[in-house]
Amino acid sequence: MTSTPPRKIKPLPALIFSSRWLQLPLYLGLIAAQGVYVVLFLKELWHLIHGAVSLSEQEIMLIVLGLIDVVMISNLLIMVIVGGYETFVSRLGIEGHQDQPEWLSHVNATVLKVKLALAIIGISSIHLLKTFIEAGTLGALPLCATAAAGVRCTALTEGAVMWQTIIHVVFILSALGIAWTDWVMGSSSALNAKNRQAH
């Protein structure tokens, strides 16, 4: 059985097609950012372990939510690095590997977009939950901008809580819009394929 030789590409299309490798430094940069998040996670974990006896329940909860936030952002980075490289730069060649992520076998630009939107909603939810936990200090503590040095204060205002909630709802609506668009495009593609088969 002879394999067909690769098709020769003309110089200009070859140059344009090769330009996708300009994205490689961007993905390498995101890997470096992932390393920074690992350092941040370990720092926050040390803070939690070191203050386990002295911290209040609310402070522990906020630190744990911060740890979850770092993990979710890290997951988002992995999705962008692995999915983006596979979709826009080159195949990773890990088909059949025991550790291949399940979602990578059917990833494309649209699937990646939906997954990223859902990941952003998850991160936004963690931030909103942290805000709601801290919202108990509204009115009880002075604003940090006006508080004297060394005095416990809060950076939250009612307006900030309201805007964070509105932004979170916008994220949810955006993700629903992306998923609906994906569903409509998938349905129309399936219908077109069915019509072609009928003719």
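The values are calculated or read from the model by the stated rules, or taken from the named source; none is laboratory data. Every value quoted in this text rests on a predicted model; they were computed, and no experiment measured them. Cβ coordinates were reconstructed from backbone atoms using ideal geometry, including for glycine residues, and neighbour counts include every protein chain displayed. Surface areas here come from the heavy atoms of the whole protein model, side chains and all, with no ligands, DNA or RNA. Shrake-Rupley method; radii C 1.70, N 1.55, O 1.52, S 1.80 Å.
Among what's in the range 100-110 and is part of a helix (DSSP H, G or I) and open to solvent by 50 Å² or more (accessible area, probe 1.4 Å), pick the residue that is modelled with the highest pLDDT.
Start the filter on the range 100-110 by keeping residues that are part of a helix (DSSP H, G or I), which leaves 102-106, 109-110.
Still in the running and open to solvent by 50 Å² or more (accessible area, probe 1.4 Å): 102, 105-106.
Values: Glu102: 73, Ser105: 68, His106: 68.
Once the filter is applied, the top-ranked residue is Glu102.
Cβ-Cβ distances below 7 Å connect the following pairs, each with a first residue in the range 172-189 that is under 22 Å from Ile120 (Cα atoms), a second residue that is modelled with pLDDT of 80 or more and surrounded by 12 or more Cβ atoms within 10 Å (Cβ to Cβ), and a separation of six or more residues or different chains: Ile172/Ile121; Ser174/Ala117; Ala175/Ala117; Ala175/Leu118; Ala175/Ile121; Ile178/Ala117.
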